[in-house]
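Quick notes on the structure that follows.
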Amino acid sequence: MTVLEGTATVLVEHDAASRVATVTLNRPEKRNALSLALMGELIEVFREIGERRDVTVVVLAGAGPVFSAGHDLGEMTGRSVEDYRQIFDRCCELMELIQSVPQPVIARVHGIATAAGCQLAATCDLVVAEEGARFGTPGVRIGLFCSTPMVALTRVVGRKRAMQMLLTGVPVDAPTAADWGLVNEVVPADRLEARARELAEQIATASSVVTGIGKEAFYAQIDRDQHAAYDYAKTVMTMNALADDAQEGIGAFLEKRTPSWSDR
């Protein structure tokens, strides 16, 4: 059964059978610009999803012609320092939340993902893009360097490529984004929704407690030096091995049967 939830600007579709939720930015008339209100709604949605046991994977999409054009520039003129701080605080809170929820999040990108929209895609655990999609950080061209998008972008494409995007503001196409590590897969536009769903359902066949452990461990170890990363990872694997689903999965493999997950 598919259940529709959410608000006027954030739609949530939950497929109970696959345990996949699709979260859709629903401001097509504003190119899904990340207004303060929209970011607040997304934060509430992801907080709620993070607590749910019936959702194991999330697909993040955009309604209308583009994924997201970034911050709502209508909110970026003539404001006080407190106003700007609130906007960027909320943006950073959203990005960190997406990586801290236990469910893997797949960005389904079409059209453009620019500035904070590029940051949003780069923040997600996986990205599937259609062939015509473009990714960019054009803030330098309007006098507002993409400093917060830079954090996510640098961590997925590396220093030199990130600096090229940040300093020129010139967008890169989907195949280039895939070559640089920003995108996992590029597919024809008419295959985008189906491929993102297929990928989500492949992930959802695993135990949700195990993918949650793995996602948390990935981000916890990634910036540590190698010795510290191994020291952390071996502790995680030791505790993971004690989980009911680890014992079930190992037993099922040895017995050549399909595992029956309890999500514990």
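Some points to look at:
- Filter result (part of a helix (DSSP H, G or I), surrounded by 21 or more Cβ atoms within 10 Å (Cβ to Cβ) and not aliphatic (A, V, I, L, M)) within region 92-103: none
- Among the conditions (1) at pLDDT 95 or above; (2) out of contact with any Asp or Glu (no Cβ under 7 Å at 6 or more places or on another chain); (3) more than 25 Å from Thr56 (Cβ to Cβ), the only one that Asn184 does not satisfy is (3).
- Residues of region 57-89 satisfying the condition of being surrounded by fewer than 19 Cβ atoms within 10 Å (Cβ to Cβ) and not in a loop (DSSP other than H, G, I, E, B): Leu73, Gly74, Glu75, Val81, Glu82, Asp83, Tyr84, Arg85, Gln86, Phe88, Asp89
- Among residues of region 219-230 that are outside the structural domain of Pro104 (by TED's automatic domain parsing) and under 16 Å from Arg155 (Cβ atoms), none has a beta-carbon under 7 Å from a residue that is in a loop (DSSP other than H, G, I, E, B) and not aliphatic (A, V, I, L, M) at least six positions away or on a different chain.
- Residue ID - nearest to Gly64 (Cα to Cα), chosen from residues in region 13-25 that are part of a strand (DSSP E or B) and over 15 Å from the mean Cα position of the chain (by Cα): Glu13
- Region 233-251 - residue that is surrounded by 15 or more Cβ atoms within 10 Å (Cβ to Cβ) and of a type in the set (A, V, I, L, M, F, W, C) and, of those, farthest from Ser208 (Cα to Cα): Ala233
- Screening the candidates Arg53, Arg47 for the property of being loosely packed, with under 14 Cβ neighbours inside 10 Å, under 25 Å from Val210 (Cβ atoms) and in contact (Cβ under 8 Å) with a residue 60 or more places away in the chain yields one hit, Arg53.
- Leading residue by the ranking (modelled with the highest pLDDT) among those in region 1-12 that are over 20 Å from the mean Cα position of the chain (by Cα) and assigned to a loop (DSSP other than H, G, I, E, B): Ala8
- Answer from Arg159, Arg155 - the residue that is in the same structural domain as Gly64 (by TED's automatic domain parsing) and under 15 Å from the mean Cα position of the chain (by Cα): Arg155
- For Leu192, the conditions (1) touching a His at 6+ places or on another chain (Cβ under 9 Å); (2) closer than 19 Å to Ala116 by Cβ all hold with the exception of (2).
- Subset of region 110-146 [surrounded by fewer than 19 Cβ atoms within 10 Å (Cβ to Cβ), under 17 Å from Val183 (Cβ atoms) and either free of Cβ contacts under 8 Å to residues at least 12 places away in the same chain or among the β-branched types (Val, Ile, Thr) (or both)]: none
- Top-ranked residue in region 147-174 [being surrounded by fewer than 19 Cβ atoms within 10 Å (Cβ to Cβ) and among the small types (Gly, Ala, Ser); ranked as farthest from Cys118 (Cα to Cα)]: Gly158
- Yes/no for Ala177 being assigned by TED's automatic domain parsing to the domain that holds Asp15 and surrounded by 18 or more Cβ atoms within 10 Å (Cβ to Cβ): yes
The values are calculated or read from the model by the stated rules, or taken from the named source; none is laboratory data. In this text the structure is predicted, and so the values were computed from the model without any measurement. A quick note on method: Cβ atoms are made from the backbone with ideal geometry, for glycine too, and the neighbour counts reach across all protein chains shown.
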